[in-house]
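Trainee: First, the structure itself, so that you have it in front of you.
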Amino acid sequence: KIHCPDCKLRLKNCTRGCPLYKIVYGSGTTIGIPLSETLHLPTRRVPDFLVGCSVHSTHQPAAGIAGLGRGPASLPSQLAVKKFSYCLLSRLFDDTNKSSSLVLVGGKDSIKKTKGVSYTPFVKNPEVPKKPFSTYYYVGLRNINVGGRRVKIPYRYLRPDRNGSGGTMVDSGTTFTLMAPEVFERVTGELEKQMKGYKRAEEAETLTTLRPCYNFSGIETPEFPSVTFHFKGGAEMALPVENYMALASGKVLCFTILSENGPIISSGPSIILGSFQMQNYHVEYDLQNERFGFKQQECN
């Protein structure tokens, strides 16, 4: 239960407000006022459910944020679910009223392996005093292949050290996958090498801050090298082209993985897997068995 100082049963007894909260997530922060509510679900009533009324965030305010991390205030933690999954619609549906699905699982169903899902174990979170690190979901990304060629990424970027630097985390709240500059340059360097026959669209790169971008005017069926993430345990995420290239304008397509040197990347994980790369995937967080799962499917 969350109780504010001097606040008992009635609001008129309060002599001072609750302290503000500050939550740091993969690509930003949100600050606001904590509230205790009763959550009504179709088959369950949850009293003393903690919610936050945001008064400031680093990004454009959203209608709401469902926290799914490991922290005590997250939706899975407060509902004590053992597994949850989502399936994010393709960005082609942006102009419709369709929405993605979120499934929360408890009881015996949480033990079962989901048919067709590839799993990789979660990596233990770094034990450092920085609070946000304990809420992240780390996975063991072993290598990245572009066009069947393994990108040479130094090991220090693939595994978090004792200070929390390095490694890979999954964050549905981050749109495009972010990489430390040293990792990004190696990945895009291989991509550019394999696409050197196509014309670079430098103006689009300046306007969108995405790179590389290519102009495919006059080309009916352009060919793209494959982009595959290889995880510990053998799980492979082979991204469809629409999950790593996006239309910028006309016949210009841009790579949708970004180089980032912000506070999270510079002192934390080297790679943050974002939601754009996971569209049209069933994505599963198996908290009971401490593993991350996924399978490509059409989300509808």
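The values are calculated or read from the model by the stated rules, or taken from the named source; none is laboratory data. Please read all numbers here as calculations on a predicted model, not as lab measurements. Glycine also receives a Cβ, built like all others from the backbone with ideal geometry; neighbour counts cover every protein chain displayed. For the accessible areas, the whole protein counts, side chains as well, though only heavy atoms, and no ligand, DNA or RNA atoms are used. Shrake-Rupley method; radii C 1.70, N 1.55, O 1.52, S 1.80 Å.
Trainee: How would Ile111, Ile144 line up by accessible area, probe 1.4 Å, largest first?
Mentor: Putting Ile111, Ile144 in descending order of accessible area: Ile111, Ile144.
Trainee: Another question, then. Could you compute the FRET efficiency for Lys112 and Val151, with r as their C-beta to C-beta distance and R0 at 30 Å, rounded to 0.05?
Mentor: Calculated value: 0.30.
Trainee: OK, next. Over the chain, with every protein chain in place, what whole percent of the accessible area is carbon and sulfur at 1.4 Å, could you tell me?
Mentor: Carbon plus sulfur share of accessible area: 52 percent.
Trainee: Order His59, His40, His282, most accessible first, counting only protein heavy atoms with a 1.4 angstrom probe.
Mentor: These residues rank, largest area first, as His40, His59, His282.
Trainee: Calculate for the chain the 222 nm mean residue ellipticity that helices alone would give, adding -39,500 (n - 2.57) per DSSP H run of length 4 or more and normalising by residue count, nearest 500 deg cm²/dmol.
Mentor: -2500 deg cm²/dmol
Trainee: Turning to a different aspect of this structure: Apply the Karplus curve 6.51 cos²θ - 1.76 cosθ + 1.60, θ = phi - 60°, to the phi angles in the stretch 207-224 and return the couplings in whole Hz, x for Gly and Pro.
Mentor: Residue by residue, the stretch 207-224 yields 6, 9, 6, 8, 7, x, 10, 9, 9, 9, 4, x, 10, 5, 10, x, 10, 10 Hz.
Trainee: Can I ask one more? Round to the nearest 10 and give me the degree value, 0 to 90, for the angle of helix 181-194's Cα axis relative to the longest principal axis of the chain.
Mentor: Tilt relative to the chain: about 40 degrees.
Trainee: Another one. If each of Ala66 and Thr209 carries a label point 7 Å out from its Cα toward its Cβ, how far apart are those two points in nm?
Mentor: 2.8
Trainee: Rank these residues by their accessible area, most exposed first, probe 1.4 Å: Thr96, Thr168.
Mentor: Reading off the accessible areas and sorting them downward yields Thr96, Thr168.
Trainee: Compute the FRET efficiency between Ser100 and Leu20 as 1/(1 + (r/R0)^6), taking r as their Cβ-Cβ distance and R0 = 25 Å, and round to the nearest 0.05.
Mentor: For Ser100 and Leu20, the calculated efficiency is 0.25.
Trainee: Quick one: net charge around Glu190, please, counting Lys, Arg +1 and Asp, Glu -1 for every other residue with C-beta under 13 Å from its C-beta.
Mentor: Charge balance in the 13 Å sphere: +4.
Trainee: For the chain, what is the accessible area per residue in Å², given a 1.4 Å probe and the full set of protein chains?
Mentor: 56
Trainee: Can you give me the long-range amide H partners of Arg211? Hydrogens built in the peptide plane at 1.01 Å from N, cutoff under 5 Å, separation of 5 or more residues or another chain.
Mentor: Under 5 Å from the amide H of Arg211 lie the amide H atoms of Phe255, each far enough along the sequence or on another chain.
Trainee: Still on this structure, please answer the following. So between Gln296 and Asn261, what do we pick up on full extension, going 0.36 nm a residue minus the alpha carbon distance?
Mentor: 9.6 nm
Trainee: Please list, in chain and number order, the residues 5+ apart from Ser226 or on another chain whose amide H is under 5 Å from its amide H, with Hs placed from the backbone.
Mentor: Gly147, Gly148
Trainee: List the residues whose amide H sits under 5 Å from the amide H of Gly69, counting only those 5 or more places along or on another chain, with H placed 1.01 Å from N in the peptide plane.
Mentor: Long-range HN contacts for Gly69: Leu75.
Trainee: So how many Å³ per residue does the convex hull of the Cα atoms of the chain work out to?
Mentor: So the per-residue hull volume is 161 Å³.
Trainee: Roughly how much of Glu37 is accessible, in Å² to the nearest 10, using a 1.4 Å probe?
Mentor: Per-residue accessible area (Glu37): approximately 90 Å².
Trainee: Moving on. Using the Karplus curve 6.51 cos²θ - 1.76 cosθ + 1.60 with θ = phi - 60°, what ³J(HN,Hα) values do you get for each residue of the stretch 243-250, in whole Hz, with x for Gly and Pro?
Mentor: Coupling constants for the stretch 243-250: 8, 9, 10, 10, 6, 8, 5, x Hz.
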